[in-house]
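The values are calculated or read from the model by the stated rules, or taken from the named source; none is laboratory data. Not measured: the values here are computed from a predicted model. As a convention, Cβ positions derive from the backbone with ideal geometry for all residues, glycine included, and neighbour counts pool all protein chains shown. The accessibility values were calculated without ligands, DNA or RNA, using every heavy atom of the protein model including side chains. Shrake-Rupley method; radii C 1.70, N 1.55, O 1.52, S 1.80 Å.
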Amino acid sequence: MSGACSDAFVNARVVKVRADVAGDLELPVRTLGSTVAQGQSLGQISNPKSDMIRLNDLLLEKALNAVEAARLARSITSEKQVRSALTDRGRVFREHRIREIETRLDHARSRLEILEAGAVPDETAQRLADAVDDRSDRLPGEPLLPALALEHARERVAVLEIALEAAQRGVFLGDGYNDAPNAEQRVAELDSEIARLEAALEAATSDAQAIEERISRERVRVNGLSGGELLSPVDGIYWEVLQADGVNVQRGDPVLRLVDCASTIVSLSVSENVYNTLHLGQSATFRMTGGSQAFEGTVSRLAGAGAATIYETLAVTPSRRHLERYDVTVIVPGLLQDPDLSCAIGRTGRVFFDRRPLDWLRGLFN
């Protein structure tokens, strides 16, 4: 009451491990058929001629940036030292200038008091005026009127008081120069220059961070091109070596073939009569040759006759007699759960397909 097949065998998908970079291949001695774990090192590829031009350019750019940053830092330090010296010089000038104005103001007030008191005779006042009067619009010996001399003394006191007040506020009045000494003017120029240098140094620091990030990314790229370990992408079996140890491989060349044990299936062929009674998802039973345990399975693929191409990616290729019949694939989850049979590639057995008692009668009516 059931269909059966006696040429079933355990099969699995084969995974090709390809070279991810070009270089010299190093494969350690490993026994074919040995088990490998996912992520396990299978070999190594080294490429001593990887392109490092871009990385060298970035390293040069980093060095030049460091030199420029150091130059800016030295310039800032030098300018600040000059600024400090000029600030001290300006402070000394301010203090002594104020003392000078205060001294002149004290003497001008004393002269004003003398003139206001009238204690100096006219002939003596004439000689005193010639000796102390610094006005350029008056000639020596020019007759001096007492009222004019008194007014001039008052003017000098008032002008010196204004100059003192301005000097105490940091502004120096006078003929022929600016309201600040040369040292203070130079300090203002240095403040602007120091601000410009500090902005340039900050920009150089930001550039250094950006260059360092680009160098890190380029190192990753160069390391990838320089080669590395070949890692197993699956838990499986070391199945076939496609390249010899020490050869130079190109990127994408197949190096090894591994059996993916997680993709274990059962391949079989049946007669045309049995094949035509099968459908996808139909239940089946698989029993190993020489074993008594039966594993439940499900029909997952019906490839029909001459299905040679579907075995190009599988571990075991069927015989010619197998291909002359009708190919069927069955998934048997129980094999994966059995540690002794989880990757028993090539083991043979029989598959039984459940059929209903009245299937032959339904076939007549159809």
Practice problem: Pairs only if they're at least six apart or on different chains, beta carbon under 8 angstrom, first in the range 186-214 and closer than 21 Å to GLN81 by Cβ, second of a type in the set (Ser, Thr, Tyr) and surrounded by 12 or more Cβ atoms within 10 Å (Cβ to Cβ); list them, first residue then second. | Solution: VAL187/THR87; LEU197/SER75
Quiz prompt | Flag for LEU323 being open to solvent by less than 20 Å² (accessible area, probe 1.4 Å) and of a type outside the set (Lys, Arg) | solution = no
Exercise. Starting from the range 63-84, take each residue that is under 14 Å from ALA199 (Cα atoms) and list its partners that are polar (S, T, N, Q) and open to solvent by 60 Å² or more (accessible area, probe 1.4 Å), counting only C-beta distances under 8 angstrom and pairs at least six apart or across chains.
Key: ALA69/THR205
Practice problem: Among the residues of the range 158-173, write down those that are surrounded by 14 or more Cβ atoms within 10 Å (Cβ to Cβ) and at pLDDT 75 or above. | Solution: VAL159, LEU160, GLU161, ALA163, LEU164, ALA166, ALA167
Quiz prompt | Residue identified as closer than 30 Å to ARG30 by Cβ and either among the aliphatic types (A, V, I, L, M) or in contact with a helix residue (DSSP H, G or I) (Cβ under 7 Å, 6 or more places away or on another chain) (or both) among VAL241, VAL274, VAL270, VAL299 | solution = VAL241
Practice problem: Please specify each residue of the range 298-314 satisfying the condition of being of a type in the set (Val, Ile, Thr) and in contact (Cβ under 8 Å) with a residue 40 or more places away in the chain. | Solution: VAL299, THR313
Quiz item: What number of residues within the range 271-297 are surrounded by fewer than 23 Cβ atoms within 10 Å (Cβ to Cβ), in a strand (DSSP E or B) and not hydroxyl-bearing (Ser, Thr, Tyr)?
Solution: 5
Quiz item: Restricting the search to the range 276-320, which residues are within 14 Å of VAL351 (Cα to Cα) and touching a Lys or Arg at 6+ places or on another chain (Cβ under 8 Å)?
Solution: PHE286, ARG287, MET288, THR289, GLN293, ALA294, PHE295
Practice problem: Select from the range 59-105 the residues that are open to solvent by 90 Å² or more (accessible area, probe 1.4 Å) and of a type in the set (Val, Ile, Thr) and list them in ascending order. | Solution: VAL67
Exercise. Would you check which residues across the range 24-50 are among the aliphatic types (A, V, I, L, M) and either under 21 Å from ALA315 (Cα atoms) or open to solvent by less than 40 Å² (accessible area, probe 1.4 Å) (or both) and list them?
Key: LEU25, LEU27, LEU32, VAL36, ALA37, LEU42, ILE45
Quiz item: Listed residues VAL21, VAL14; which is closer than 22 Å to ARG214 by Cβ, buried (at least 17 other Cβ atoms within 10 Å of the Cβ) and in contact with a strand residue (DSSP E or B) (Cβ under 7 Å, 6 or more places away or on another chain)?
Solution: VAL21
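Residues checked against (1) free of Cβ contacts under 8 Å to residues at least 40 places away in the same chain; (2) over 16 Å from LYS16 (Cβ atoms); (3) open to solvent by 10 Å² or more (accessible area, probe 1.4 Å):
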{"position": "VAL234", "(1), (2), (3)": "no, no, yes"}
{"position": "TYR238", "(1), (2), (3)": "no, no, no"}
{"position": "VAL241", "(1), (2), (3)": "no, no, yes"}
{"position": "GLY246", "(1), (2), (3)": "no, yes, yes"}
{"position": "ARG251", "(1), (2), (3)": "no, no, yes"}
{"position": "PRO254", "(1), (2), (3)": "no, no, yes"}
{"position": "VAL259", "(1), (2), (3)": "no, no, no"}
{"position": "SER263", "(1), (2), (3)": "no, no, yes"}
{"position": "SER269", "(1), (2), (3)": "no, yes, no"}
